[in-house]
Amino acid sequence: MAAKKALAEIRHDLEGWVGQRIKLRANRGRRQIVERVGILEKTYPNIFVIKLDEQGDSERRVSFSYADVLTETVELSFYGEEAVSGREVAAGEASSR
């Protein structure tokens, strides 16, 4: 039950940042870490979408689940703010009890 609350809190936090510039750091496994900059485009019940700032004519969008943030597979940094990770959400929930 605590995991559902943490995921809902992550989603709620991200909803406030829709349309804002974001720095994405994703662990793709086998020592492959991808860092990109984009705009948080939309949040959905189970995923969120980031439109990447890419050079060229094509627009690229990537999506991640809120569980990716919770498990720290994805770290998000908003310009002017600290990185958002799953540990921070879990720690905030534990300290509120």
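Bear in mind that the values in this text are calculations on the coordinates, not laboratory data. Nothing here was measured: the structure is a model prediction, and the numbers come from that model. Note that we place each Cβ from the backbone using ideal geometry, even for glycine, and neighbour counts take in every protein chain shown.
Quick look at the values:
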quantity: q = 0.21 Å⁻¹, the range 24-71: log10 I(q)/I(0) [Debye, one scatterer per Cα]; calculated: -0.80
quantity: Tail fraction, Cα-Cα pairs, the range 2-86, threshold 15 Å, whole percent; calculated: 56
quantity: Efficiency of FRET between Arg28 and Met1 - r from beta-carbon atoms, R0 30 angstrom, step 0.05; calculated: 0.50
quantity: Segment Ile47-Gln20, extension gain: residue separation times 0.36 nm, minus the distance between their alpha carbons; calculated: 8.0 nm
quantity: Student exercise, the range 2-86 dipole from Lys, Arg, Asp, Glu Cβ charges, in Debye to nearest 20; calculated: 320
